[in-house]
Structure formats: C-alpha cells, structure tokens
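The values are calculated or read from the model by the stated rules, or taken from the named source; none is laboratory data. Fair warning: this is a prediction, and the values are worked out from it, not measured in the lab. In this analysis, Cβ positions are derived from the backbone assuming ideal geometry, glycine residues included, and neighbour counts consider all displayed protein chains. Ligands, DNA and RNA are excluded from the accessible area calculation, which covers all protein heavy atoms including side chains. Shrake-Rupley method; radii C 1.70, N 1.55, O 1.52, S 1.80 Å.
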Amino acid sequence: MLQPGDKAPEFKLYATPDQRFSLAELQGKNVILAFYPADWSPVCSDQMGLYNNMLKYFSKYDATILGISVDSKWCHLAFSKDRGLHFPLLADFEPKGEVSKAYGVYNEEEGECDRALFVIDKEGNIAWSYKSPTALNPGADGILEALEKLNPKTN
Amino acid sequence: MSQLTIPINDTDHFEGKADAPITLVEYGDYQCPHCGAAYPVIKKIQEAFPDQIKFVYRNFPLSESHPMAFACAVATEAAALQGKFWEMHDIIFENQRGLSNEALFRMAEKIRLDIEQFSNDIQKDTLSDKVEADFESGIRSGVNGTPSFFVNGTKFDGGAEDLFGMFREN
C-alpha cells in the first residue's frame with residue numbers, strides 16, 4: 001500500500017457511462033480517494049452515505065472525494081442514483097483492479113479492492129493513507145485530520 | 001479505539017445524575033430506524049441503572065438519507081430553549097413514522113411548548129449551528145453511522161442491546 005510521501009499514481013477511469021475522470025484534472029485540489037470493495041454491500045453503502053453528508057466539510061478544505069471500486073460504470077450509475085450520491089464513483093473495471101493494484105490495495109483472493117483511504121495533496125503526493133478492516137466503516141475523522149494538516153490556515 | 005474528541009460541556013443535554021460514574025453519549029439521527037430501535041433500549045438501561053448513568057444525546061443527522069433529520073434536531077434544540085429538550089427528543093422517537101414539519105408542530109403542541117416562540121426559534125442560525133457542531137464533533141470522534149455510542153469517552157463497538165448486556169455484566 002502506498003504511503004505518505006509517495007507520488008499518487010495517475011489514472012483515468014469512467015465515472016459515468018460517457019465520462020472519464022483523471023487525477024491530473026484535479027491538480028491544484030486536495031483529493032480524497034476512497035477505495036471500497038463493492039457497490040450495494042451494506043458497509044460500503046453506509047460509508048459512501050456518510051461521505052455524501054460530508055461534502056461541505058471536504059470542500060472547506062478544498063478537497064474533492066472520489067469513490068473507487070471494481071464495479072462497472074453502469075453498476076456505479078445505478079448505485080449512485082439509488083443512494084442519491086453527489087460525488088463521482090470511478091470504475092476500476094478494465095483492466096480489472098489496475099488502479100487499485102497501483103495503489104497497493106487490491107485483494108487478489110476476493111477480486112475486489114480493499115477498503116482504503118488516501119488523501120492526496122495539491123501537488124499529487126500522498127499525504128495520508130489508511131487501510132480499514134473490510135467489514136468496518138472507517139468514518140472520516142482520519143480524512144479530516146489529514147486535510148487539516150494540509151490546510152492549517154482554515155482552522 | 002476512537003475517543004470522544006469534544007468533552008461533555010454546557011451545550012450538551014443530559015439525563016440522569018450529573019456526577020454519575022458512567023457517561024453514555026449517543027450520536028443519533030431522529031429519522032434513522034436503528035436509532036428508533038435503540039430508543040426504548042436506552043430507556044430500559046436508564047431505568048435499570050438510575051444512579052449510575054448520565055445519558056447525553058448529540059445530533060448526527062444524515063440529511064442526505066433522512067430529509068427530516070435536521071429539522072427534527074433543530075426542533076429539539078428549540079424545545080431545549082423552553083426547557084423541554086428531552087420531551088421533544090422522546091416524542092419524536094415515539095412517533096418516528098410519518099415525520100414532517102406539520103408533525104413536529106403537533107408534537108410541540110402536545111408537549112405544551114409556546115408555539116409562537118418555537119416557530120421563531122427554529123429559524124435561528126444558532127440552533128442549526130449547534131446541530132452542525134454536534135455533527136462535526138461526531139465526525140472528529142470517528143462516528144461512522146447512527147446510532148454511535150461512547151462510554152466514558154471511548155467509542156463502543158456495538159448497538160444498544162450490546163450496551164445493556166455490558167452494563168448488566170458489570
């Protein structure tokens with residue numbers, strides 16, 4: 001798993017059936033990458049639902065959140081619509097798990113990514129990373145602490 | 001284990017003895033069915049251990065999933081200004097199905113709030129700020145969903161029934 005100080009690997013993944021999202025496009029913003037095992041599973045839904053309620057806190061720290069799983073763009077579309085999510089879910093679908101592997105958070109046995117969080121700074125370096133037990137919703141306290149360190153002035 | 005980052009203070013509402021040996025904090029959402037299910041269990045705990053537990057309720061409205069949660073939280077804070085936080089807290093959880101603005105006003109009448117004052121108070125920024133401050137303190141303390149409980153400042157990994165079990169054992 002990539003650690004603070006590592007360069008965040010670039011990616012370009014589908015966020016909707018006709019739109020792809022790259023890390024480079026977000027340069028100049030802090031980025032939160034939330035890898036999660038699967039759409040629809042109970043823990044993930046709670047975790048994504050929690051982040052959905054926190055977007056204004058993230059934007060206070062000039063940060064954008066992106067969810068990532070190996071589910072397809074159509075699956076993401078349905079999941080996102082069902083839960084009313086207001087942030088993009090990226091499909092690490094083809095080649096399967098490529099981005100998860102680059103970040104060191106792919107679980108070969110399950111064929112899914114781990115539940116892992118990364119905070120990437122405005123220069124594209126990893127500022128904080130955390131891997132949570134798959135069954136546990138990691139909350140957002142670690143994310144906010146990491147963002148706070150990046151933006152000391154907003155306190 | 002996650003810890004309660006904002007200690008209990010004057011802005012909190014509590015039931016029980018102020019100097020009880022155990023402080024139980026719930027971060028809850030008035031429209032969350034799991035919190036609704038926890039409500040009678042908490043009452044049971046309070047009845048079983050009247051002198052040992054100080055119960056504090058903080059707001060954690062997940063407004064995206066529960067559109068009435070924030071309004072309910074503000075309504076309880078408005079009731080608190082008339083000294084009736086817990087009456088409002090209880091009546092909302094007891095009537096969790098069919099929450100609406102009209103229903104909140106009916107509840108306010110039922111617990112005999114001054115309705116004119118209540119309808120002015122619920123529009124005050126200070127009350128919504130209080131609810132948001134509760135939410136943020138929850139996030140900081142590692143609250144990841146509702147209800148989340150803290151026992152003497154440490155996050156409890158389980159639901160209300162598990163809490164009851166733990167208190168009975170000790």
* **Share of carbon and sulfur in the accessible heavy-atom surface of chain A [1.4 Å probe, %]** => 51 percent
* **Cα centre as origin, Lys/Arg/Asp/Glu Cβ charges: chain A dipole, Debye** => 520 debye
* Asked: Measuring from label point to label point, each 7 Å out along Cα→Cβ, what is the B:R106 to B:H34 span in nm?
  -> 2.9 nm
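Once you have a ≥ b ≥ c as the square roots of the Cα gyration tensor eigenvalues for the stretch B:16-169, tell me rounded if a/c is under 1.5, and otherwise prolate or oblate according to whether a/b is larger than b/c. Kindly include the intermediate steps, with their values, before the conclusion.
Details: a/c = 1.73, a/b = 1.51, b/c = 1.15.
Note, shape of the stretch B:16-169 comes out prolate.
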* By how many nm would the segment from A:A135 to A:K29 lengthen if fully extended, with 0.36 nm per residue of separation less the alpha-carbon distance? -> 35.2 nm
* Asked: Taking B:K17 as the anchor, which lysines have their alpha carbon closer than 26 Å to its alpha carbon, excluding any fewer than eight residues away along the same chain?
  -> B:K43, B:K44, B:K54, B:K84, B:K130, B:K155
* Asked: Over the Cα atoms of the stretch A:1-120, Rg to Rh with Kirkwood Rh, two decimal places?
  -> 0.93
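How large, in percent, is the carbon and sulfur part of the accessible surface of chain B at a probe radius of 1.4 Å?
Working: 3870 of 7950 Å².
Percent of accessible area from carbon and sulfur atoms in chain B: 49.
For B:D125 and B:Q52, calculate 0.36 nm times their separation in residues minus their Cα-Cα distance, and state this gained length in nm to one decimal. Walk me through the numbers before you get to the answer.
Working: separation 73, 0.36 × 73 = 26.28 nm, distance 3.54 nm.
Full-extension gain reported as 22.7 nm.
What's the magnitude of the charge dipole for the stretch B:68-123 around its Cα centre, counting Lys and Arg as +1 and Asp and Glu as -1 at the beta-carbon? Answer in Debye, nearest 20. Before the final figure, lay out each step's value.
Details: 5 positive and 9 negative charges, 31 e Å.
Using Cβ point charges on Lys, Arg, Asp and Glu, the stretch B:68-123 gives about 140 debye.
Pairs of alpha-carbon atoms within less than 8 angstrom and 6+ residues apart define the contacts here; what relative contact order does chain B have, in percent? Mind showing how you got there, number by number?
Working: 239 pairs, mean separation 61.1, N = 170.
This gives 36 percent for chain B.
With every protein chain left in place, what is the accessible area per residue of the protein assembly as shown in square angstrom, probe 1.4 Å?
Working: 14980 Å² over 325 residues.
That works out to 46 Å² per residue.
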* Asked: In deg cm²/dmol, rounded to 500, what helix-only [θ] at 222 nm does the protein assembly as shown give when every DSSP H run of at least 4 residues adds -39500 (n - 2.57) and the total is split over its residues?
  -> -11500 deg cm²/dmol
* If the cut-off is 23 Å between C-alpha atoms, which lysines fall inside it for A:K149, apart from same-chain ones fewer than 8 positions away? -> A:K7, A:K29, A:K56, A:K60, A:K122, A:K131
* Select from the stretch B:134-151 all residues whose loss of accessible area on going from the chain by itself to the full protein assembly reaches 30 Å² or more (probe 1.4 Å). => B:F135, B:E136, B:I139, B:R140, B:N144
* Asked: What trypsin sites (Lys or Arg not before Pro) in the stretch B:66-140 are in a loop by DSSP, with at most 13 other Cβ atoms within 10 Å of the Cβ?
  -> B:R97, B:R112
* Can you give the accessible area buried between chains B and A, summed over both chains, with a 1.4 Å probe, in Å² to the nearest 100? -> 1300 Å²
* Choose one of A:S41, A:G104, A:L89: the residue whose Cα lies farthest towards the positive end of the charge dipole of the stretch A:36-154 (beta-carbon charges +1 Lys, Arg; -1 Asp, Glu; about the Cα centre). => A:L89
